1. Taking H placed 1.01 Å from N in the peptide plane, check which residues at least 5 places from Ser102 or on another chain put their amide H under 5 Å from its amide H.
2. Relative to the present Cα-Cα distance, how much length would full extension add between Thr248 and Asp35 at 0.36 nm per residue of separation?
3. Taking a cut-off of 29 Å between Cα atoms, list the lysines near Lys278, but don't count ones fewer than 8 places away on the same chain.
4. Where a ≥ b ≥ c are the square roots of the eigenvalues of the C-alpha gyration tensor, would you call the stretch 2-62 rounded, which needs a/c under 1.5, or, failing that, prolate if a/b is larger than b/c, or oblate?
5. Hey, could you grab the Kirkwood Rh for the stretch 1-151? Inverse mean 1/r over distinct alpha carbon pairs, Å, one decimal.
6. What nm value, rounded to one decimal, do you get for the distance between Lys59 and Lys194 when each label is placed 7 Å out toward the C-beta?
7. Tell me, how many Å apart are the Cα centres for the stretch 24-57 and for the stretch 223-256?
8. I'd like the orientation of helix 143-155 relative to the chain: the angle between its Cα long axis and the longest Cα principal axis, in ° from 0 to 90, rounded to 10.
Amino acid sequence: MLIVMQSHASEDKIQKVIEFIKQRGFDAHISRGEDHTVIGCVGRKIIDKRDIELLDGVKEVIRITSPYKLVSRVFKPDNTIIEVNGIKFGGTHIGMIAGPCSVETYEQMDETAEKLYNSGVRILRGGAFKPRTSPYAFQGLGEEGLKILRKVADKYNMAVTSEVMEVNQIPMFLKYVDILQVGARNMQNFNLLKSLGEVRKPVMLKRGLSATIEEWLMSAEYIMSGGNREVILCERGIRTFENMTRNTLDISAIPVVQKISHLPVIVDPSHATGLRDKVAPMSKAAVAAGADGLVIEVHNNPDCALCDGAQSLYPEEFAELFKDLKALAVVVKKTF
């Protein structure tokens, strides 16, 4: 349930309400707005809401029927805006993340990062640990890849995002990465999600291959219930019967999620389509639909890429696309 405090209720009254529900075995999650403070009361026990309504400073108590509480707009009506290295995701802001699918060499990352920086990108992506369908495919450079990614990013004053696959990798990632990415295959790795809830860095949560929107939001709830409020949802295509593209990009998920959740929703058109010539139109469609950001794969030499070269843009293609996207953003009253 949600406890809405009276306008400008004192901190002392708020703390007494928190103590009251904690004593009864519930977790308290606070959302502070301009006029009201909302306390999310999360737990599996039963409590008479009238007992809470009688507490000093309480305006009303609302029972929530949806399984996700903290992700819901009922808990936090205003958009959550997450800022990394001066780049904002959410509200009227569109963030851009770009880089190769995987870190291969220092030279590859350096050349790609320089061109992306010159195009205006300030957040660099690159996989160091790669969950591949085939055990014989390139699996990434591991920690050495993270070191290369961090070194190159620091050279160009860029932030870094990369995919974490296991709980025991988190301490390593915290040394190198600014946004921890949860891949589609790990969307329901609940032990990993719980551990990321204890982290105080943004988490990019990709939608699972066959996940419903509710399942996706419930995974975000796992992270937020641990105390981490900086969650970025990433639509990256879902598996359908269609085989003309790698996946089917669910553009409708953008406005659907934005209506029920305050979290920013970004789109990965590269993994969604798997085809270089489809990335630009799907990127534009995502911006037109109201996306809060994009993750686009860019490689200095896609033809020689060790991973997903067919869906990676050449730096020159990306630079042209980014210009078009900035112009389109104005139409939907947003800015990069």
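No value in this document is a laboratory result; all are computed from the given coordinates. Model, not experiment: these values are computed from the prediction. All Cβ positions, even for glycine, are placed from backbone atoms using ideal geometry, and neighbour counts span all protein chains on display.
1. Excluding prolines and chain starts, which carry no amide H, the hits are Gly127.
2. Taking 0.36 nm per residue and subtracting the Cα distance, the gain is 72.5 nm.
3. The qualifying lysines are Lys88, Lys115, Lys130, Lys206, Lys259, Lys323, Lys326, Lys333, Lys334.
4. prolate
5. Its Kirkwood hydrodynamic radius stands at 19.3 Å.
6. The two pseudo-label positions are separated by 3.5 nm.
7. Measuring centre to centre over Cα atoms gives 31 Å.
8. Relative to the chain, helix 143-155 is tipped by roughly 90 degrees.
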